[in-house]
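Written out below as structure tokens is the structure these notes cover.
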Amino acid sequence: MAEADPPARTISLGAGVDAIDAAAWDALHGGGNPFVAHRFLSLLERSGSVGPGTGWQAAPLLARDEAGALVAAAPAYLKSHSQGEYVFDHAWADAWARAGGDYYPKLQIAVPFTPVPGPRLLADGDDDAALLIRAAEAVVRQNRLSSAHATFVAPEQMVLFEEAGWLVRRDIQFHFANAGYGGFDDFLGTLTSMKRKQLRKERARAVEGLRIEEVTGAAIRPEHWDAMWLFYQDTGARKWGQPYLTRAAFDLMGATMADDIILVLAFDADERAVAGAMHFLGADTLYGRYWGCLADIPYLHFELCYYRAIDIAIERGLKRVEAGAQGGHKLARGYGPVATWSAHFIADPGFRRAVAGFLEQERRAEEAEMDWLEGHMPFRRSV
């Protein structure tokens, strides 16, 4: 019996996610990850956090059937720099420039400023998902771009990139895994005696003279968003030089995503908000995203970003907490090392060979680091 012809598809580059019907976009993903939802990606565009002047030009890859219905999509951007990605390719850009090439613009399949693993190929089946990969390659070739990159790809989608011949890169984050704990003390009971004492001491010291409040949904008031913006600006100025999100992005989060957000705020004796952390709720995961503090308060970062996140996850029955990129200090606080993945399509054969060689060396070093980290977890050893 002859194989049926694949269904006809029309591929295009969209002008932005905001212009796409929200229900059609959201029907393509499982809904468990808030960062690939239409409301989050579109608010980045509407707030001016991405778009003209930012180096992030929205160009989602779209596949439609013969009737014009959206059947697959990928959040994609034409990038004129490598900022806000958390998978660092600055050395690649420098090398290609020294060879006389233009590394930028490049095509980036990602959620801007968000080092959270999740689906990058939004489609019901692997055939349409693989079609998006071929579409990305076609965009690179037809427009003479240097490369395409898919960052923080859900592990189950990496096989599609590997089958397409993209180069694979692995990195490490630190996540908390909820083993069905009844409370924070149950979690502490799994740690070594020394670590238990350390965490209890840190939690007590962090909140001395402070009042901690958790707010979500309609309980998040305008003054809470004002405070969170100040905290975010402070952290952004120290880490990146200029914060990625605009003030309008915070207002839009409040208007469209408040039920998906938990703010953990610290108030001093004068009821002034001095620090805060913003967490996003997924179907089974709490995502720690933004934090800031207007005073130097020991251990408060750990309390608001890590320990309170564990409390929330346990209380809500969530499976894990993902507390952002980097941060080896999370290891001592019960957040274990987890591999994260990216895939890279390099158009020039010679440049691809050079990048492949670099990645092979990096992979060996990263595997050794992962082995070391797994051997230095703070948990009690089983007898």
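The values are calculated or read from the model by the stated rules, or taken from the named source; none is laboratory data. Since this is a predicted model, take the numbers as computed values, not measurements. Because the Cβ atoms are built from the backbone with ideal geometry, glycine has one as well, and the counts that use them run over all protein chains shown. Areas reflect the complete protein model, heavy atoms only, side chains present, ligands, DNA and RNA absent. Shrake-Rupley method; radii C 1.70, N 1.55, O 1.52, S 1.80 Å.
Stretching residue 348 away from residue 99 to a fully extended chain increases their span by 88.5 nm, per 0.36 nm per residue minus the current alpha-carbon distance. Centre-to-centre separation between the Cα atoms of the range 83-100 and those of the range 1-77: 27 Å.
Remark: relative contact order (the chain) = 20 percent; criterion is Cα-Cα distance under 8 angstrom and separation of 6 or more residues. Over the Cα atoms of the range 45-137, the radius of gyration divided by the Kirkwood radius equals 1.02; this is the Rg/Rh ratio. The range 123-151 and the range 304-383 have Cα centres spaced 26 Å apart. For the range 197-325, the C-alpha radius of gyration divided by 2.2 N^0.38 Å, with N the number of residues, is 1.01. The charge dipole of the range 202-309, taken about its Cα centre with unit charges on the Cβ atoms of Lys, Arg (+1), Asp and Glu (-1) only, comes to about 300 debye.
With contributions of -39500 (n - 2.57) from each DSSP H run of at least four residues, the per-residue ellipticity at 222 nm computed over the chain stands at -10500 deg cm²/dmol.
Sequentially through the range 246-261, phi angles give Karplus couplings (6.51, -1.76, 1.60; θ = phi - 60°) of 8, 4, 4, 4, 5, 4, 5, 4, x, 7, 10, 9, 4, 6, 9, 10 Hz, Gly and Pro residues having no value and appearing as x. Total lysine pairs in the chain at Cα distances under 22 Å, for residues eight or more apart or on different chains: 7. The heavy atoms of residue 358 present about 80 square angstrom of accessible area, all protein chains included, probe 1.4 Å.
Note that the chain, at 4 °C in a medium of 1.567 mPa s, gets a Stokes-Einstein diffusion coefficient of 58 µm²/s from its Kirkwood radius over C-alpha pairs. Note: relative contact order over the range 209-316, using C-alpha pairs below 8 Å and six or more positions apart, is 29 percent. Toward the positive end of the charge dipole of the range 185-263, with +1 on the Cβ of Lys and Arg and -1 on the Cβ of Asp and Glu, the farthest Cα among 204, 252, 194 is that of 194. For the range 105-160, a crude dipole built from +1 on the beta carbon of Lys and Arg and -1 on the beta carbon of Asp and Glu, taken about the Cα centre, is about 440 debye to the nearest 20. Give the range of the longest stretch in the chain that excludes all GluC sites (Glu not before Pro) found in loop regions by DSSP and having at most 14 other beta-carbon atoms within 10 Å. With GluC sites (Glu not before Pro) excluded where exposed in loops, the chain gives 67-207 as its longest stretch.
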